[in-house]
Each structure stands twice: as C-alpha cells, then as structure tokens.
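First up is the structure itself, then whatever we jot down about it.
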Amino acid sequence: MILRIHGWRTGAFEPGQQALDVLAMGAPVLVPRLAFNLMSENMLFVSLRAMMRDFTILTGLAQVHYLFLETLLTFVGYI
C-alpha cells in the first residue's frame, strides 16, 4: 500500500507496478491464511489443516530417517 501511495503522489508508474508485484508474491501465503481465518469451521478447511499437519510430520520423520541412514552408511563405508 505504501508503494501504491508513493507512486500516486509522485506520479510515477514504476512504484505502483512494483506494489502489484509484491502483492502477487504474497498472495499464495496471504489468501490461504485469510480463508483459514474466515472459514475455520468449514469441513474442507478442517480436513485440509489435518492433512497439512500430517504431511509436515511425515516429511520431518522422513528427513530424520534419511539423515540417520546416510550417516550410518557413511560411517560403515569407512570402517
């Protein structure tokens, strides 16, 4: 919003265009958060939140197991 106001006050086109670029970059983060806050009791969002939590946990477990396995194989390979 500050970029848009600055572009409007100075009459320059570039800050206004850059403001839209910044908004477009933030939209993938801002829109889901807004939807989760406005419609938090919707069954779709409840299930999506649970799936995201499970995916995050499983991804973390996979990373830990991979690092352990990689360390173990590296250690055994040098003995």
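Listing for the model above:
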quantity	calculated
Positive-end extreme of charge dipole, the chain - chosen from Met39, Ala50, Leu67 (charges on Cβ)	Met39
Helix runs (DSSP H) in the chain reaching 20 Å along axis by Cα, Kyte-Doolittle at least 0.5	14-38, 43-77
Space enclosed by the convex hull of the alpha-carbon atoms of the chain, per residue, Å³	140 Å³
About the Cα centre, charge dipole magnitude for the chain (Lys/Arg +1, Asp/Glu -1 at Cβ), debye	240 debye
Segment 40-79 shape via C-alpha gyration tensor axes, a/c threshold 1.5	prolate
For the chain, calculated [θ]222 nm from helices alone, where every DSSP H run of n ≥ 4 adds -39500 (n - 2.57)	-30500 deg cm²/dmol
Val31/Asp54 FRET efficiency (R0 22 Å; Cβ-Cβ; nearest 0.05)	0.50
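Every number in this text was worked out from the coordinates using simple rules, so none of it is lab data. Treat the numbers as computed from the prediction; the structure is a model and nothing was measured. All Cβ positions, glycine included, derive from the backbone under ideal geometry; neighbour counts span all protein chains shown.
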